[in-house]
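The values are calculated or read from the model by the stated rules, or taken from the named source; none is laboratory data. Just so you know, these numbers come straight off a predicted model, no measurement behind them. Positions of Cβ are generated from backbone atoms using ideal geometry, with glycine treated the same way; all protein chains shown enter the neighbour counts. Just the protein is used for accessible areas: all its heavy atoms, side chains included, with ligands, DNA and RNA removed. Shrake-Rupley method; radii C 1.70, N 1.55, O 1.52, S 1.80 Å.
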Amino acid sequence: DAGITQSPRHKVTETGTPVTLRCHQTENHRYMYWYRQDPGHGLRLIHYSYGVKDTDKGEVSDGYSVSRSKTEDFLLTLESATSSQTSVYFCAIRKGQNNSPLHFGNGTRLTVT
Amino acid sequence: QQPVQSPQAVILREGEDAVINCSSSKALYSVHWYRQKHGEAPIFLMILLKGGEQKGHDKISASFNEKKQQSSLYLTASQLSYSGTYFCGTGSQGGSEKLVFGKGTKLTVNP
């Protein structure tokens, strides 16, 4: 068990509503990541964090914001959800420095209707 | 920019071998390999760093050619449990904390 919990596991929401996904870790690791996974696209990096209040954009950051006010929590917010944001979202942590592997959470399946 | 994986899919019979390739247009500092079963999270297999090293894990091994900016994953004597989608993730020097994944290679091993 990598000590990562994503919540909620499933969510259905309507277009235009705000949505926040939570990633919680129990081991105080510095690096945390949000990816989305869609058929034919693999895993695409949305945002990542390298410490409290330190975040940076990934490949597909438009329409998403993140916050990390505590080491253990990394929040992903869709300010106004769109149908194109229907996806499976994975949080990951890196247990160490740059050459360490990523450990993924179990994912959140988000459907925007 | 996403690394390019090939092939997109491969079907094997148990005991056969397979090679999955991962190439990038950017200079690479590290390459990660992960496997994902349907409906599950990706699971880490191995990391390779620049220097051309080769790593092995049971009957799964990988190589990294930094000059060619590519890595290959070798699966020998495949087992049913090897079925899944394989992803390579690449890190560039100066930004290796940002891991960018390819689109994946779906491997199916049949009895």
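Computed values, structure above
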| item | result |
| --- | --- |
| Per-residue SASA entry for residue B:46, accessible area with 1.4 Å probe, Å² rounded to 10 | 10 |
| Segment A:87-94 - phi-based ³J(HN,Hα) in whole Hz, Karplus 6.51/-1.76/1.60, Gly and Pro as x | 5, 9, 10, 10, 9, 9, 10, 10 |
| Solvent-accessible heavy-atom area per residue, rounded to whole Å², over the protein assembly as shown at 1.4 Å | 47 |
| Sites residue A:26 and residue B:43 - FRET efficiency at Förster radius 22 Å, r taken between beta-carbons, to 0.05 | 0.70 |
| Chain A - percent relative contact order, Cα under 8 Å, separation 6 or more | 35 |
| Positive-pole candidate from A:77, A:24, A:8, dipole of segment A:4-112, charges at beta carbon | A:24 |
| Table column - 3J(HN,Hα) (Hz), segment B:28-45, Karplus curve with 6.51, -1.76, 1.60, x for Gly and Pro | 9, 10, 8, 10, 10, 10, 9, 10, 10, 8, 4, x, 10, 7, x, 10, 5, 9 |
| Nearest-10 value in Å² for the accessible area of residue B:44, using the 1.4 Å probe | 70 |
| Above-threshold pairs, the threshold being 24 Å between Cα atoms, out of A:70/B:50; A:53/B:50; B:67/B:98; A:57/B:68; A:53/A:95; B:26/B:98 | A:70/B:50; A:53/B:50; A:57/B:68 |
| Accessible area buried between chains A and B, both sides summed, probe 1.4 Å, in Å² to nearest 100 | 1800 |
| Neighbouring partner chain Cβ atoms per residue of A:101-110, average, 10 Å criterion | 4 |
| Area of residue A:73 that stays accessible when all protein chains are in place (1.4 Å probe, Å², to 10) | 20 |
| Sites residue B:61 and residue A:73 - FRET efficiency at Förster radius 45 Å, r taken between beta-carbons, to 0.05 | 0.75 |
| Total charge dipole magnitude, chain A, about the Cα centre, Cβ charges on Lys, Arg, Asp, Glu only, Debye to nearest 20 | 180 |
| Segment A:1-65: trypsin sites (Lys or Arg not before Pro) falling in loop per DSSP and having at most 11 other Cβ within 10 Å | A:9, A:53 |
| Cβ neighbours within 10 Å from other chains - mean over A:54-60 | 2 |
| Cβ-derived FRET efficiency at R0 41 Å, residue A:41 paired with residue B:13, nearest 0.05 | 0.90 |
| Exercise: per-residue mean of other protein chain Cβ atoms within 10 Å, A:19-28 | 0 |
| Percentage of interatomic Cα-Cα distances in segment B:4-110 larger than 23 Å | 21 |
| Relative contact order of chain B, pairs being alpha-carbon contacts under 8 Å that are 6 or more residues apart, as % | 38 |
